[in-house]
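Chemist: I am attaching a structure below and will ask some questions about it afterwards.
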Amino acid sequence: MGSKCHVLIPDGNSTWALSVISCLSQNSDYKIFVLSDKKRTAAKYSKHTSYYKYYKKTSDKSWLDVVAKEIQDQNISIIVPIAEEEFRFWIHNQQFLSNAVKVIPLPQIDSFETAINKHELSHFLNKQNFPHPKYQRFENFDSYSRETLELHFPILIKPLQEKGGDGIVKFNDQQALDVYFSKHSQTSELFFQEYIEGYDIDCSVLCSEGEILKYTIQKGKLEGDNAFAPQLCFDFLKNDTLLNVVSEFMKAMQWSGVAHIDLRYDEKTNDFKIIEVNARFWGSVEGSKFAGINFPDLAIQLALNDAIENQEYIETEYMRLKGVFKTIKRQPSFMFKKNYLLNHSETKSFINDPIPTLYRFKQWLIRRL
């Protein structure tokens, strides 16, 4: 780029901010400025953060004024929102910015709202004949009954507003579901999906008006905190059948920007079913960078230049730092696998920028005590 490109991250309090900052730090032409509605977050302590400023959000208008002032004072060229709340804000408000500053590509609001709502997404997939689990929604507990449940066990209950697998419960039979409801009769809204026997597999994408420009496919191999939490280790691989499903889906959504699509291979029907969409950056974005696709950097290139570098990803294995700790706990000798830890995990990123992770660990200890 020749001179520093000033990048503004407006939601430094996001769970995924540190991962995006780590990806952007690979480009020495970027100077990273971070705003947050929390005084202290892990992103504040990253050595890659040139500037961290706290503002309390009170309204959309006040937040737009805050960002506009920072754009002027810091000579910002590009805004990189990270989480869904900030994505929605900039979908609605990017037209109020001056022409001198860009926002990374974002989807249209209708597509965005469909993608982040489990029920609306399932309805869309069903209407468009995309492979997906059978589902059923009840507006409240009183509208549910055994007789009206049309799905086959095992089934899942999924909270419509939760992310990262939180709150998902699996039931193998009607008796287990009855026991659950005897203790949770205050549940306001119920969303059920049939459980798919098979395995999880994900596809991360960067799109422009429905066309996938770059992607990675990753299959998990180390479970997180529970069976539905994000995987801690995964293989990056190629699969044309899965890619075709995602390509047609993105085309139907006319999607622009980044997204992370959760799918599941169905052993019974031998196909890939679309489960959920993360319409934001995601936890394994550093893994994609390691495999050769730096999504945050490419999103900036696309916004500023209307073009991106011709890159392909490699088929490889990658382990998140939490996965490293989990594996060492199970198998202490794993800590001596220096080549793997430095070349196939987040360990190198941690060593290069340790304070944010140590801050997170301190906060975790405080919550535990």
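The values are calculated or read from the model by the stated rules, or taken from the named source; none is laboratory data. No experiment lies behind these values; they were computed from the predicted model shown. Every residue, glycine among them, receives a Cβ derived from its backbone with ideal geometry; neighbour counts consider all protein chains shown. Calculation scope for accessible area: heavy atoms of the full protein, side chains included, ligands and nucleic acids excluded. Shrake-Rupley method; radii C 1.70, N 1.55, O 1.52, S 1.80 Å.
Chemist: Kindly rank 262-268, 359-365, 86-92, 281-287 from highest to lowest mean number of other beta carbons found within 10 Å of each residue. Please report the intermediate quantities before stating the final value.
Modeler: Values: 262-268: 17.3, 359-365: 12.4, 86-92: 19.0, 281-287: 25.1.
So the order, starting with the most tightly packed, is 281-287, 86-92, 262-268, 359-365.
Chemist: Another one. At a probe size of 1.4 Å, how large is the accessible area of HIS152, to the nearest 10 Å²?
Modeler: Accessible area, nearest 10 Å²: 120 Å².
Chemist: Right, here's the next one. What percent does the relative contact order of segment 21-168 come to when contacts are Cα pairs within less than 8 Å and at least six residues apart?
Modeler: 12 percent
Chemist: List the equivalent ellipsoid semi-axes of segment 6-159 in whole Å, largest first, each obtained as the square root of 5λ for an eigenvalue λ of the Cα gyration tensor.
Modeler: Over the Cα atoms of segment 6-159, the semi-axes work out to 39, 17, 16 Å.
Chemist: At a 1.4 Å probe, what is the % contribution of carbon and sulfur to the accessible area of the chain?
Modeler: Here carbon and sulfur together make up 47 percent of the probe-accessible area.
Chemist: If you roll a 1.4 Å probe over the heavy atoms of the protein chains, what accessible area per residue do you get for the chain, in Å²?
Modeler: Averaged over the residues of the chain, the accessible area is 50 Å².
Chemist: Give the label of the value calculated from the structure for volume of the Cα convex hull per residue in Å³, choosing from (1) 164; (2) 134; (3) 147.
Modeler: (1)
Chemist: Stretched out fully, how many nm does the piece from SER28 to SER182 gain, at 0.36 nm a residue minus the Cα gap? All intermediate terms of the calculation are to be shown ahead of the outcome.
Modeler: Details: separation 154, 0.36 × 154 = 55.44 nm, distance 5.72 nm.
Taking 0.36 nm per residue and subtracting the Cα distance, the gain is 49.7 nm.
Chemist: Counting pairs of alpha carbon atoms under 8 Å apart in space and at least six apart in sequence, what relative contact order in percent does the chain give?
Modeler: Reported as a whole number, the value is 17 percent.
Chemist: Of LYS53/LYS337; LYS69/LYS322; LYS31/LYS57, which pairs sit farther than 29 Å apart, going by alpha carbon to alpha carbon?
Modeler: LYS53/LYS337; LYS69/LYS322
Chemist: Taking every DSSP beta bridge that has both residues in the chain, what percent is antiparallel when rounded to the nearest 5?
Modeler: Taking every DSSP beta bridge with both residues in the chain, the antiparallel ones total about 75 percent.
Chemist: Between THR58 and VAL169, how many nm apart are label points set 7 Å from Cα along the C-beta direction?
Modeler: The modelled label-to-label distance comes out at 4.1 nm.
Chemist: Excluding LEU341 itself, what net charge comes from residues whose Cβ is under 14 Å from its Cβ, given Lys and Arg +1 and Asp and Glu -1?
Modeler: On the way: positive: ARG320, LYS322, LYS326, LYS337, LYS338, LYS348; negative: GLU317, GLU346.
Net local charge, LEU341 excluded: +4.
Chemist: Please compare each pair in LYS39/LYS61; LYS170/LYS273; LYS56/LYS326; LYS118/LYS170 to a cut-off of 24 Å on the Cα-Cα distance and tell me which ones are over it.
Modeler: LYS56/LYS326, as the Cα separations exceed 24 Å there.
Chemist: In addition: With a sphere of radius 13 Å drawn around the Cβ of ALA68, what net charge do the other residues whose Cβ falls strictly inside it have (Lys, Arg +1; Asp, Glu -1)?
Modeler: That sum, taken over residues with Cβ under 13 Å, equals -2.
Chemist: Nearest 20 debye, what's the magnitude of the dipole of the chain about its Cα centre given +1 on Lys and Arg Cβ and -1 on Asp and Glu Cβ?
Modeler: 1880 debye
Chemist: Another question, then. Using +1 on the beta carbon of Lys and Arg, -1 on that of Asp and Glu, and nothing else charged, what's the dipole of segment 271-330 about the Cα centre, debye to 20?
Modeler: Charge dipole, segment 271-330, about its Cα centre: 660 debye, nearest 20.
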